[in-house]
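One structure is given here, and the rest of the page talks about it.
The values are calculated or read from the model by the stated rules, or taken from the named source; none is laboratory data. Keep in mind that this is a model prediction, so the values were computed, not measured. Note that we place each Cβ from the backbone using ideal geometry, even for glycine, and neighbour counts take in every protein chain shown. Heavy atoms of the whole protein, side chains included, go into the accessibility calculation; ligands, DNA and RNA do not. Shrake-Rupley method; radii C 1.70, N 1.55, O 1.52, S 1.80 Å.
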Amino acid sequence: MTTPPRPAGATGDAPSGRGGPRPEGPAAPYLPTGADRSPDPDPATEAGPAVRPSAAASGAASGAEQPVALVASGAAPQPQPATRPDPLRDPWVPAMRRALAEARSAPRTGDVPIGAVVLGPGGPHGEVIATGRNEREATGDPTAHAEVVALRAAARHLGGWRLTGCTLVVTLEPCTMCAGAGVLSRVDRVVYGAVDAKAGAVGSLWDVMRDRRLNHRPEVLHGVLAAECGELLTDFFRSPR
């Protein structure tokens, strides 16, 4: 029997998800950089850990993605729409900018630009009770990460180690040590900027702070000024030292 010809436009069986056409459009933003807490080069990972803005926070000061206006060839560029508000992250922008100011002072002592602040009770409107930046090179202390420095200062300010009601705001996703310190200090929440895809312990490689086996699990919010936090690290590792 002769198989009848297939009508024009027929595609036969529906393609599977693996074999179907790939969607067009730009890839998700990814900003590789060296975000290791030590500036010493490592031949095996000379580029350092990959630091990328959160997908929910790439390309805008408040964390919202910016749509690209497509115009016909020769046409005048179209005005870009205003930045979309992000009611979840926008309130934390002032505190993150304070942490970024701390981070920018770290390279003066040869330290990686990571900064942190601790806010007292009141959420994003709480008083800044402590600040910190990376000080490993400055002090020779292997535990002197920005988060640990800020948490120690907050405990001295309050006169006790329990930081109940406080918020830790830091420019880079905490490592395992700093994530553990956040749990042990009993902070209510941790807010961070750039994601550390190679060493992050708050959702990337590990999720220490939300481990259900622990007796305290802080609330976590990521992606506040993520692009700006990541660019600061990228510029540091690309510059000669």
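Right, Leu168: within 19 Å of Ala226 (Cα to Cα) and open to solvent by less than 20 Å² (accessible area, probe 1.4 Å) or not? For Leu168, the condition - within 19 Å of Ala226 (Cα to Cα) and open to solvent by less than 20 Å² (accessible area, probe 1.4 Å) - is met. The condition of being within 21 Å of Leu225 (Cβ to Cβ) and under 22 Å from the mean Cα position of the chain (by Cα) does not hold for Gly180. Residue check: Val191 meets all listed conditions (1) closer than 21 Å to Thr143 by Cβ; (2) in contact with a Phe, Trp or Tyr (Cβ under 9 Å, 6 or more places away or on another chain) but one, namely (1). Arg162 passes every criterion in (1) within 24 Å of the chain's Cα centre (by Cα); (2) open to solvent by 60 Å² or more (accessible area, probe 1.4 Å); (3) of a type outside the set (A, V, I, L, M, F, W, C) apart from (1).
On the stretch given as segment 109-139, residues that are among the charged types (D, E, K, R), open to solvent by 30 Å² or more (accessible area, probe 1.4 Å) and either modelled with pLDDT under 95 or touching a helix residue (DSSP H, G or I) at 6+ places or on another chain (Cβ under 8 Å) (or both) total 3.
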